[in-house]
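Since the structure comes first, as structure tokens, the remarks are kept for the end.
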Amino acid sequence: MPRNLPNILVTGTPGVGKSEMAHMLSEKTGLTWLDVSQLAIENKCVDEYDEVYQCRTLDEDKLLDGMESAMNGGGIIVDYHSAELFPERWFDIVFVLRTDNTILYDRLEKRGYSGKKLQDNIECEIFQTILEEARSAYSKEIVHELFNDTFEQMTNNVDRICQLLEQWKINNQQT
Ligand code: ADP
Ligand code: MN
């Protein structure tokens, strides 16, 4: 079934500013912001703390099942640090946020990350892992790379996304 409103994926390495931007975008557009890491906890889709990677194991099927009906309705801004977890058909537009390594390092350190976890995330950004992931998971025309080092860049990005949204609505008008 065609959607009246697009679903948007906001992805990128932890700390690039997904939640900050998704929040601002949802305030501005009235679309629904879905913080998937938060949802995974609320829907009890995470278990077993992994000591080496300092993270938890995710029950992907349960998480995706819980999102399905909302996604079918359209108008959802999905905020998650991975691009390949979701079905391709869910998204109309994909944004990959990028941040300068030094700036990202400071943000993650402030968040309390250290050691392997901090190093892994910085490497993830250096090797533009999530951008590559997004480009292979979705058609290239819908994947946009956005730089998010400063608040000024973020507000510019939000304005640009609003324009893309309006264009999407024109292109996908229901008769
Ligand atoms: P993510 O959801 O991608 O992990 P957050 O939105 O939580 O990232 O942002 C990480 C940190 O960076 C937060 O402290 C946030 O305030 C800060 N931040 C996010 N976007 C910007 C920006 N454009 N300019 C400066 N700081 C930012
Ligand atoms: Mn976040």
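Scanning region 1-36 for residues that are among the polar types (S, T, N, Q) and more than 8 Å from ligand 1 (Cβ to nearest atom) turns up Asn4, Asn7, Thr11, Ser26, Thr29, Thr32.
What residue, among those in region 94-103 that are more than 11 Å from the chain's Cα centre (by Cα) and in contact (Cβ under 8 Å) with a residue 40 or more places away in the chain, is surrounded by the most Cβ atoms within 10 Å (Cβ to Cβ)? My answer is Thr99.
Looking only at residues in region 1-41 that are of a type in the set (Lys, Arg) and farther than 12 Å from Asn148 by Cα, the one that is surrounded by the most Cβ atoms within 10 Å (Cβ to Cβ) is Arg3.
Would you mention how many residues in region 42-77 are surrounded by 16 or more Cβ atoms within 10 Å (Cβ to Cβ) and touching a residue at least 40 places away in the same chain (Cβ under 8 Å)? Of the residues in region 42-77, 5 are surrounded by 16 or more Cβ atoms within 10 Å (Cβ to Cβ) and touching a residue at least 40 places away in the same chain (Cβ under 8 Å).
Out of the residues in region 42-85 that are closer than 21 Å to Asn121 by Cα and β-branched (Val, Ile, Thr), which is nearest to ligand 2 (Cβ to nearest atom)? Filtering first and then ranking leaves Val78.
As an exercise: evaluate Tyr80 against (1) surrounded by fewer than 16 Cβ atoms within 10 Å (Cβ to Cβ); (2) hydroxyl-bearing (Ser, Thr, Tyr); (3) in contact (Cβ under 8 Å) with a residue 60 or more places away in the chain and give the number of the one condition it does not meet. Failed condition: (1). Tell me, which residue of region 119-150 that is out of contact with any strand residue (DSSP E or B) (no Cβ under 6 Å at 6 or more places or on another chain) and within 16 Å of ligand 2 (Cβ to nearest atom) is nearest to Leu164 (Cα to Cα)? Residue satisfying both the conditions and the ranking: Glu125. Is there a residue in region 161-168 that is over 16 Å from Met21 (Cβ atoms) and in contact (Cβ under 8 Å) with a residue 60 or more places away in the chain? Taking every residue of region 161-168 in turn, at least one turns out to be over 16 Å from Met21 (Cβ atoms) and in contact (Cβ under 8 Å) with a residue 60 or more places away in the chain.
Bear in mind these aren't lab numbers, they're just calculated from the coordinates by the rules spelled out. Just so we're clear, the structure is a prediction, and the values are computed from it rather than from any experiment. Cβ: placed from backbone, ideal geometry, glycine included. Neighbour counts: every protein chain shown.
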